[in-house]
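*Asks:* Here's a structure for you.
The values are calculated or read from the model by the stated rules, or taken from the named source; none is laboratory data. Treat the numbers as computed from the prediction; the structure is a model and nothing was measured. Positions of Cβ are backbone-derived with ideal geometry, glycine not excepted, and every protein chain shown enters the neighbour counts.
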There are 2 protein chains.
Amino acid sequence: MIQNSKLIGIIGGVGPYAGLDLTEKIFDETIAQSDQDHLPVILLSIPEKIADRTEFLLGKTEENPAVAVAELIHYLEQLGARVIGIPCNTMHATKIFGTIQSLLHQKNSKVHLLNMIKEVIRFIKSNHPEIGRVGIMSTKGTYKSEVYKNALYENGLEPVLPDVALQNSIHDAIYNPEYGIKAVSRPVSNYAREMLNKGIQHLEKKRAQGIVLGCTEIAFALTEKESEGLKLFDATRILARALIRETYPEKLRKF
Amino acid sequence: MIQNSKLIGIIGGVGPYAGLDLTEKIFDETIAQSDQDHLPVILLSIPEKIADRTEFLLGKTEENPAVAVAELIHYLEQLGARVIGIPCNTMHATKIFGTIQSLLHQKNSKVHLLNMIKEVIRFIKSNHPEIGRVGIMSTKGTYKSEVYKNALYENGLEPVLPDVALQNSIHDAIYNPEYGIKAVSRPVSNYAREMLNKGIQHLEKKRAQGIVLGCTEIAFALTEKESEGLKLFDATRILARALIRETYPEKLRKF
């Protein structure tokens, strides 16, 4: 076991580039002048073992990806990881995330698994108390699971969700095998980018005051900081910052 | 132990962004239409444990980073990794890499540790038989260790090395705490980029027919494919392709 009380573990592979993106954002958000200043991180990217989470939530497969993820977290813990992040919003749907938590509990896991959705809400409430209506851009799986919607309500925030047609086109911008971000990300296709921008305009019309980029792939296509005055919240960067806060808070860059 | 006979292990942290860069290049060089198509990879980035390799080679520290790296490779092997890459050219100096190999041998390791320098030479010889004179851009540590120089000679290629002043400025472009790539990489400073471009022009004047970007950080500043007709070889991408070749050759993108 690696002797480090603050080793950060990342469940990658969901998708692979999101695992990289979270790791990169941890490095970017760390105050460091040399290689040695950077935080200890282990990224485990074994996508073949993890069933598609949206397909599970939509009932297209019976296999709950939680089982494989709990097993991978267990490996990371055995190696010494103490704090874990999963850079996939859809994985945080209760049917999956709750199962991961139960399975870890059964294994007597001591690992601290952060909840990306809760971190996003916490971030908005702490940094943008002026925002009441929060738009959500996500996959169909996350949408159907209502994970953001419920968490926002529970925290006194008003969720602003896309209408069905727009939700379908946002999902398509991520998953379409020809032009979706999962298939074409270097660079993202203009068509996918356009569909996402239409999603933003749509949510703005519905009076969202800020928008959560609630699928890790969306942040590959949109610069997160601002879109014509509207705040965009990158869930991956927020999770990266939370992982630093839980391990080496003194090294967290000022926001 | 993770049940996968072809798990790729990466020793990150030397430096942290080079570990990410290698992982990203493995994904980029893989034929994949979905998350699940991507290769199993584990990236271990624990920079605080690994002494600076250039300082060791220059005699500024007694601590051989090989000891920590061999230990980390051992952890990766215990977790199931079978093939290992270290995305740091300087780590491949004989005084370090040879020690890693001996330590692994002592531990009865069965892991297949690729040698980035040998992979670069192999790549040049297979893909560019027309090239005889090969320029080397690297840190002072790699330069002083003569690892590329010797490997090129052994393979019937002529090394073209920068003069001392130019070598110093290339090293500075990487290590300077104010404008060097290790300190400022997002984006790389114009000054560092300019110094690297001067290095290329210098090696071209010395009749190099191709240039090895023999420090992982250099590839962050220069696009690798070509610089005014001169071939630039990105050691990190070559290592990424070698890792795929050794595990899932059928998924290696055509070059």
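*Asks:* Provide a single number: the residues in region A:126-169 that are among the hydrophobic types (A, V, I, L, M, F, W, C) and farther than 21 Å from residue A:238 by Cα.
*Replies:* Residues that pass the stated criteria total 3.
*Asks:* Quick check on my filter: what residues within region A:3-31 are assigned to a loop (DSSP other than H, G, I, E, B) and more than 8 Å from chain B (Cβ to nearest Cβ)?
*Replies:* Of everything in region A:3-31, those that are assigned to a loop (DSSP other than H, G, I, E, B) and more than 8 Å from chain B (Cβ to nearest Cβ) turn out to be A:3, A:5, A:6, A:29, A:31.
*Asks:* Return yes when residue A:211 is modelled with pLDDT of 95 or more, surrounded by 16 or more Cβ atoms within 10 Å (Cβ to Cβ), in contact with a helix residue (DSSP H, G or I) (Cβ under 6 Å, 6 or more places away or on another chain) and closer than 30 Å to residue B:32 by Cα and no when it is not.
*Replies:* Spelling it out, it is not the case that residue A:211 is modelled with pLDDT of 95 or more, surrounded by 16 or more Cβ atoms within 10 Å (Cβ to Cβ), in contact with a helix residue (DSSP H, G or I) (Cβ under 6 Å, 6 or more places away or on another chain) and closer than 30 Å to residue B:32 by Cα.
*Asks:* Within region A:121-136, restricting attention to residues that are touching a residue at least 60 places away in the same chain (Cβ under 8 Å) and assigned to a loop (DSSP other than H, G, I, E, B), which residue is farthest from the chain's Cα centre (by Cα)?
*Replies:* A:130
*Asks:* Which one is surrounded by the most Cβ atoms within 10 Å (Cβ to Cβ), of the residues in region A:25-54 that are of a type outside the set (Val, Ile, Thr) and touching a residue at least 60 places away in the same chain (Cβ under 8 Å)?
*Replies:* For region A:25-54, the residue satisfying everything is A:53.
*Asks:* So residue B:219 ticks every box in (1) closer than 23 Å to residue B:84 by Cβ; (2) modelled with pLDDT of 90 or more but one. Which box is left unticked?
*Replies:* For residue B:219, the failing item is (2).
*Asks:* Which members of region B:50-90 meet the condition of being of a type in the set (Lys, Arg) and farther than 17 Å from residue B:145 by Cα?
*Replies:* Correct list: B:82 only.
*Asks:* Okay, moving on. Taking the condition of being at positive phi and either small (Gly, Ala, Ser) or not in a loop (DSSP other than H, G, I, E, B) (or both), how many residues in region A:85-119 meet it? Lay out the reasoning, then the answer.
*Replies:* Taking region A:85-119 first, the residues at positive phi are A:108.
Filter once more, keeping what is either small (Gly, Ala, Ser) or not in a loop (DSSP other than H, G, I, E, B) (or both): none.
Qualifying residue count, region A:85-119: 0.
*Asks:* In addition: Collect the residues in region A:56-73 that are modelled with pLDDT of 95 or more, farther than 13 Å from residue A:101 by Cβ and not charged (D, E, K, R), keeping them in residue-number order.
*Replies:* A:65, A:68, A:72
*Asks:* Any residue that is in contact (Cβ under 8 Å) with a residue 60 or more places away in the chain, of a type outside the set (Asp, Glu), touching a Cys at 6+ places or on another chain (Cβ under 7 Å) and crowded, with 16+ Cβ neighbours inside 10 Å - is there at least one of those in region A:6-16?
*Replies:* yes
*Asks:* Another one. Look through region A:32-46, keep the residues that are within 7 Å of chain B (Cβ to nearest Cβ) and out of contact with any Ser or Thr (no Cβ under 8 Å at 6 or more places or on another chain), and return whichever of them is nearest to residue B:4 (Cα to Cα).
*Replies:* A:46
*Asks:* Restricting to region A:47-84, what's the tally of residues that are more than 10 Å from every other protein chain (Cβ to nearest Cβ), of a type in the set (D, E, K, R) and part of a loop (DSSP other than H, G, I, E, B)?
*Replies:* Count: 4.
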